[in-house]
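As structure tokens, the structure follows; a few thoughts come after it.
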Amino acid sequence: MSYEDNARIINDDIFDLVNEVFAQERSSGNIERRVNFFDTYNDYFVLTDDGSYSISSKEINHKVETLHTSTGAISESFEKFIRPMKFNYDEDIAILDICAGLGYNSSAAIADFMKHSKANLTIDMVEISKATFACGLLVPSPIPEHDITKKAIEDELIKQDYAHVSLEKAEIPENISLNVYIEDARQTVQRLDDNAYDAIFLDPFSQNMAPELFSLEFFKEFRRVIKDDGIIATYTSSAPVRAGFIDAGFCIGLGPIFGRKQGGTLASPNPEMLDYSLPKNDEIRIALSDVAIPFRDPGLNNDSDTILEARTEERHDARHNTKISSAVKTPIFLGDEMDDEKLKRRVERNLKKMNIPSTTSPEAFYIVEVEDDYREKQDSMNNSTYRILEMKKRLEKVKNGEIIF
Ligand SMILES: C[S@@+](CC[C@H](N)C(=O)[O-])C[C@H]1O[C@@H](n2cnc3c(N)ncnc32)[C@H](O)[C@@H]1O
């Protein structure tokens with residue numbers, strides 16, 4: 001089984017149908033089924049709250065996700081991926097769109113760029129599934145700029161002998177260059193130039209479905225290809241993802257909240273590009289808890305189950321050794337008086353294994369006093385990344401008995 005067969009792509013039924021419709025177009029030149037696809041198979045498309053359409057993923061481990069939030073597929077692109085960027089519209093802009101799917105994020109970037117700039121825009125769109133890209137041709141365009149993206153996708157699908165007839169009539173403006181890669185993003189990224197991108201949109205399915213697209217090693221490639229002032233945006237607030245960015249040499253900050261309870265994540269080599277700190281408890285968990293052990297994919301070729309299993313094992317080894325146990329959310333109680341005696345006993349049992357006698361011991365205060373300077377608005381001196389790294393260092397000193405209180 002190839003990685004693509006196993007990867008988290010669109011629902012099997014629609015996947016088979018789309019492949020069949022394009023196979024027929026190739027063999028007979030007949031475009032009728034493509035033209036009528038959306039009306040005929042409307043049930044496969046999920047209408048989101050802003051009127052744009054999404055589709056569902058394959059069922060994996062009894063889980064199905066849609067490609068976008070129900071709050072609004074195209075609104076999500078603008079809110080999560082465009083709004084946090086700090087593009088200099090006087091200069092050329094280069095964007096890497098990972099998991100391009102129906103092409104909404106790239107289309108939002110084109111719309112934003114055409115409104116603000118006369119310079120050049122390059123977008124490299126990467127998507128593993130031809131059928132998913134083909135679905136992008138079949139949905140009604142939520143914004144006019146989606147027609148430009150469709151044109152680039154169709155050209156590549158014809159080049160790769162998946163589609164046969166050119167139906168997309170939009171012209172790609174001369175100052176916009178769209179490169180379409182249809183393969184595993186982990187392969188693509190290794191061939192990209194150093195220091196090339198102003199922005200990376202990272203939009204995979206969730207970490208339990210696609211941990212391979214959130215790994216430390218994948219992020220190290222991002223560190224190589226992104227410019228020093230570049231920004232990565234992703235929707236997840238996950239601790240292992242945020243920890244992975246820091247281990248790969250990025251600073252991190254809070255991303256916009258849209259269709260979720262918590263804000264996403266922004267990462268940049270330059271802390272000044274990131275306006276907002278993570279919530280305090282998120283910083284503490286990333287610095288101290290085994291929940292923040294990142295996903296690892298050393299050769300950028302492991303399957304998702306291998307990555308998830310290896311992480312579970314690593315978490316187990318780290319607990320009570322280099323990390324405080326995440327059980328009963330132990331680390332977030334450091335520095336707090338606790339009233340609940342039963343919970344307190346459990347928390348302090350975990351802490352003692354790390355040489356921290358209690359939640360209010362000098363050791364506990366020493367580790368989390370870093371948070372006394374917490375500010376929601378961050379800058380180059382006062383930011384989440386600095387605090388996380390400092391707490392991590394302090395925990396190590398306490399555990400190794402390097403500090404006597
Ligand atoms: C949440 S959807 C992305 C939605 C998309 N950004 C859009 O604007 O429509 C995730 C996408 O990741 C793709 N994908 C899964 N594994 C991949 C991989 N290894 N490399 C590239 N794309 C992948 C899926 O086929 C799916 O289209």
Restricting region 253-272 to residues that are out of contact with any Pro (no Cβ under 9 Å at 6 or more places or on another chain) and among the aliphatic types (A, V, I, L, M), the one farthest from Ser380 (Cα to Cα) turns out to be Ile257
Condition check: away from the ligand (no atom under 11 Å from the Cβ), assigned by TED's automatic domain parsing to the domain that holds Gln190 and under 23 Å from Val35 (Cα atoms). Does Ile148 satisfy that? yes
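One line per residue, one yes/no per condition, for (1) under 16 Å from the mean Cα position of the chain (by Cα); (2) at pLDDT 95 or above; (3) in a loop (DSSP other than H, G, I, E, B):
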position: Ser237; (1), (2), (3): yes, yes, yes
position: Gly244; (1), (2), (3): yes, yes, no
position: Gly253; (1), (2), (3): yes, yes, no
position: Ile257; (1), (2), (3): yes, no, yes
position: Arg260; (1), (2), (3): yes, no, yes
position: Gly263; (1), (2), (3): yes, no, yes
position: Ala267; (1), (2), (3): yes, yes, no
position: Glu272; (1), (2), (3): no, yes, no
position: Asn281; (1), (2), (3): no, yes, no
Among the candidates Leu102, Leu138, Leu96, residue that is of a type in the set (A, V, I, L, M) and in contact with a Lys or Arg (Cβ under 8 Å, 6 or more places away or on another chain): Leu138
Considering every residue within region 172-193, establish whether at least one is part of a strand (DSSP E or B) and more than 16 Å from the ligand (Cβ to nearest atom). yes
Scope region 194-217; condition assigned to a helix (DSSP H, G or I) and surrounded by fewer than 24 Cβ atoms within 10 Å (Cβ to Cβ); matching residues: Leu216, Glu217
Complete set of residues in region 51-78 that are assigned to a loop (DSSP other than H, G, I, E, B) and closer than 18 Å to Asp147 by Cα: Gly51, Ser52
Is it the case that some residue within region 195-205 is under 26 Å from Ser57 (Cβ atoms), modelled with pLDDT under 95 and within 12 Å of the ligand (Cβ to nearest atom)? yes
I need every pair where a residue in region 290-301 that is closer than 18 Å to Glu396 by Cα has its Cβ under 6 Å from the Cβ of a residue that is at pLDDT 95 or above and assigned to a loop (DSSP other than H, G, I, E, B), sequence separation at least 6 or different chains. Asp290/Ser326; Val291/Ser326
Only listed residue being in contact with a Lys or Arg (Cβ under 7 Å, 6 or more places away or on another chain) and either modelled with pLDDT under 95 or among the acidic types (Asp, Glu) (or both), chosen from Glu390, Glu371, Glu348: Glu371
Could you check region 214-242 and list, in sequence order, the residues that are touching a Ser or Thr at 6+ places or on another chain (Cβ under 9 Å), within 13 Å of the ligand (Cβ to nearest atom) and not small (Gly, Ala, Ser)? Phe214, Thr234, Tyr235, Thr236
Within region 121-164, track down each residue that is more than 25 Å from the chain's Cα centre (by Cα) and part of a loop (DSSP other than H, G, I, E, B). Pro140, Pro144, Gln160, Asp161, Tyr162, Ala163, His164
Please go through region 68-85 and give me each residue that is under 20 Å from Tyr276 (Cβ atoms), touching a Phe, Trp or Tyr at 6+ places or on another chain (Cβ under 8 Å) and more than 9 Å from the ligand (Cβ to nearest atom), ordered by number. Glu79, Lys80
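The values are calculated or read from the model by the stated rules, or taken from the named source; none is laboratory data. Just so you know, these numbers come straight off a predicted model, no measurement behind them. With ideal geometry, Cβ positions are generated from the backbone for all residues, glycine too; neighbour counts draw on all protein chains shown.
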